[in-house]
Amino acid sequence: MANHSFTAPSTGAIQLWSGTIIPTTRDAPTDAESPSHILLSRSGYVRKLGAGIYDYLPLATRVLRKISQIVRQEMDAAGSSELLLPALLPIELYAGTKRDLDYGDLLFKVTDRKQGIYALGPTHEEPITELAKAAITSYKQLPVSLYQIQTKFRDEARPRSGILRGREFIMKDAYSFHLDIDGPGGLNETYDKMFAAYTSIFNRCGLDFTAVEAEAGPIGGSASHEFMVNADSGEDTILKCPASNYAANVEKCEIGPRPAPSKGYFAGDPSGALDEVHTPNCPGIEEVAKLTKVKPQNMLKSVLFAVRSSPEDLAKSGQEYILAVVRGDHDVNEGKVRQAASVKSIELADPAKAAALGFAIGFISPRAAVGKKGVLLLVDRDAALGYDDAANKPRFWMTGADKKDYHAKHFNWQRDLGTDPLAATPHNPTTHPAGNLKATNNNLIVADVRNALAGDPSPRATGSTLITGRGIEVGHIFKLGTKYSDAMGMSILDDKQTKRSVIMGCYGIGVSRTMAASVEQNHDPDGIIWPTPIAPYHVIITTLSPSHMTVARDLATQLSTLGVDVLIDDRDERPGVKFKDADLIGIPIRLTIGDKALAEHAVEFKPRKSKDKPVNVPLTQVVARTIETLST
RNA sequence: CGGGGCGUAGCGCAGCUUGGUAGCGCGUCUGGUUCGGGACCAGAAGGUCGGAGGUUCAAAUCCUCUCGCCCCGACCA
């Protein structure tokens, strides 16, 4: 009889192992390196079909469905409605945004029989905007938020780490449309709701994660957050302040106020005469360090960027190149360079063009910027020193000699940079240690332009220092602004009958990546350990003899009625094989039915994550015990 | 795209240097003995050696081209 009640209790699944395919293996394919790839392959969840292309077998499909259901519930609760857009997109759709070019080879393209070119959607800003243009005709319909869960395609240069970075993957993407940024119905309101929804999604998935600030969008402020599953094997480095809630990725992480040098920036006597050293074939800091035995922290790293700007911008700023200088053991942060220089877009300078201007790439010193029009010298605080306060003596620097295959020792900012542009620099800027220092002729700026490191001062809590961790990005929320609506002509009349560009936000979750990230975070040498909410089954009943099937079925039925998903290992295998496989596939609770326990009218009870020996639980209590354990 | 490496049975690998009728372990199938942490014995099935061309009496092996795959880097939500 069909149950027409809207409140029908959900019934758990009962699956016989013998009735599905769970091809576990002792050895993982040679390709597999990361824990998630090895374990998901060995335990029969996924199988590789091509580079970055995977079959999702029944167990994986159940996990993906569970993650998707949690995502759906939270997205729905946040007021977003689900739709489904095509994955196959006519290339003409990108005419307005030029993203087919920006994406470049990352965009999968296919040709139809009429030689028409199509893209396989990597994300769906264009089609959703196209749809919204047609469907949203009045400001009274705003705000609105839409999402879908769908297979996405990216022609990755190098797919890797199994499911973590495939060419085909499952993603939830959501888009919101607004008339305003602030206030009721504004972008910020939805963004905050999405932040809360994401927090609750990953909490409900049972994952340990960190929400980090990411590269700011066109609107500025903290316009973007990434949700990172904490895992040592993660590809991304994140920085956290233990004293405040601040967390950010390397690209974004600010550095708190660093103590200003006692004598002022650049000030200090030379540590010796400027000596040239022959350093053949040593363009990099490490090679030079090896050859000369000078530590990287005593070197200056000079990186030349070309400013990508329109002719109008160029006329205004006059900047064509930026020479960024950081300590040899530090890394230049492009975003910070852009920000400090107040330019929108930069790229590493073309070596040939740079050489024509007199920059010997690999052997550049700050002196190379002196006297050159249109070149901004941008020096990191830790590099702009003339005196070593800790050692109480002049600061020793090694730098390039501005000619191929030579470096120079005893570089001194005041002596060797000359009066231009240094003379125009305030020498005692200690009053604003966090602000940027700008030379009056605009040719030199001292600022924070390097990547943050563990141990750097926190930007949010005085006295606290940053710590680092590794993470896997599983979610990203972003304030898009009017980028797509402008490019595709989506505007709308407001209540004052003024034409307004629609403001958008976009919000993504890597569903298949979340599955893999969970394995990266939760496994042991025996196999996967699923968090209960996303486990393919909650309970595995391991029978040690065919005669135990009656008890197994009875238990499974009781559990199923209470909403528990049960897998019964009914195979005619030796116990050892069954135990190994149960551990491998990572079901949260194993109930073993064997003669020993059965003699006491009991079954063995063992949570997967527990290191303890299994305990006997009476048949009459085991259901309650299971529910209790699953609920905590 | 640069550098390195690998394609031999479902999975893991040997054989290639020095050409001569393709092998091992795991898994699978049959029979038997076993049965609480990946059992044992006996037997069996399963491979156009990634593909194409070339050299040779003879090619998994040597040569050329090609396709696929992995790792490091560049790039990347």
Residue selected from region A:103-133 under the condition modelled with pLDDT under 90 and among the basic types (Lys, Arg), by the criterion least open to solvent (accessible area, probe 1.4 Å)
A:Lys109
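This table checks each residue for (1) under 28 Å from A:Ile509 (Cα atoms); (2) away from RNA strand B (no atom under 12 Å from the Cβ); (3) at pLDDT below 90; (4) assigned by TED's automatic domain parsing to the domain that holds A:Gln150.
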{"site": "A:Ser5", "(1), (2), (3), (4)": "no, yes, yes, no"}
{"site": "A:Ala8", "(1), (2), (3), (4)": "no, yes, yes, no"}
{"site": "A:Ala13", "(1), (2), (3), (4)": "yes, yes, no, no"}
{"site": "A:Thr20", "(1), (2), (3), (4)": "no, yes, no, no"}
{"site": "A:Arg42", "(1), (2), (3), (4)": "yes, no, no, no"}
Residue satisfying all of: in region A:350-368; open to solvent by less than 10 Å² (accessible area, probe 1.4 Å) and either within 12 Å of A:Tyr321 (Cα to Cα) or free of Cβ contacts under 8 Å to residues at least 12 places away in the same chain (or both); nearest to RNA strand B (Cβ to nearest atom) among these:
A:Ala354
Taking region A:557-588 and keeping residues part of a helix (DSSP H, G or I), more than 11 Å from RNA strand B (Cβ to nearest atom) and closer than 13 Å to A:Ile541 by Cβ leaves A:Thr557, A:Gln558, A:Leu559, A:Ser560
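Take the residues in region A:595-614 that are over 28 Å from A:Pro531 (Cβ atoms) and surrounded by fewer than 16 Cβ atoms within 10 Å (Cβ to Cβ), then tell me which one is farthest from RNA strand B (Cβ to nearest atom).
Looking at the filtered set, the residue picked out is A:His601.
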Just to be sure I understand the filter: pairs with C-beta atoms under 8 Å, separated by 6 or more residues or on different chains, first member in region A:441-464 and closer than 30 Å to A:Leu417 by Cα, second member hydroxyl-bearing (Ser, Thr, Tyr). Which pairs pass?
A:Leu444/A:Thr425; A:Val446/A:Tyr265; A:Val446/A:Thr425; A:Leu453/A:Thr468; A:Asp456/A:Thr465; A:Pro457/A:Ser464; A:Pro457/A:Thr465
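To keep it simple, each residue is scored yes or no on (1) surrounded by fewer than 22 Cβ atoms within 10 Å (Cβ to Cβ); (2) among the basic types (Lys, Arg); (3) under 27 Å from A:Cys506 (Cα atoms).
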site: A:Ile201; (1), (2), (3): no, no, yes
site: A:Arg204; (1), (2), (3): yes, yes, yes
site: A:Glu213; (1), (2), (3): yes, no, yes
site: A:His225; (1), (2), (3): no, no, yes
site: A:Ala243; (1), (2), (3): yes, no, no
site: A:Cys282; (1), (2), (3): yes, no, no
site: A:Thr292; (1), (2), (3): yes, no, no
site: A:Pro296; (1), (2), (3): yes, no, no
site: A:Lys301; (1), (2), (3): no, yes, no
Just checking, does region A:511-525 include any residue being over 17 Å from A:Ala60 (Cβ atoms) and either of a type in the set (Lys, Arg) or surrounded by fewer than 23 Cβ atoms within 10 Å (Cβ to Cβ) (or both)?
yes
List the strands (runs of 3 or more DSSP E) that sit entirely inside region A:196-307 and contain at least 1 residues that are under 30 Å from A:Arg367 (Cβ atoms).
A:275-278, A:300-307
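The values are calculated or read from the model by the stated rules, or taken from the named source; none is laboratory data. Keep in mind that what you see is a predicted model, and the values were worked out from it rather than measured. Here the Cβ is made from the backbone with ideal geometry for all residues, glycine too, and neighbour counts use every protein chain on show. Each accessible area value is taken on the protein alone, full model and side chains, heavy atoms only, with ligands, DNA and RNA left out. Shrake-Rupley method; radii C 1.70, N 1.55, O 1.52, S 1.80 Å.
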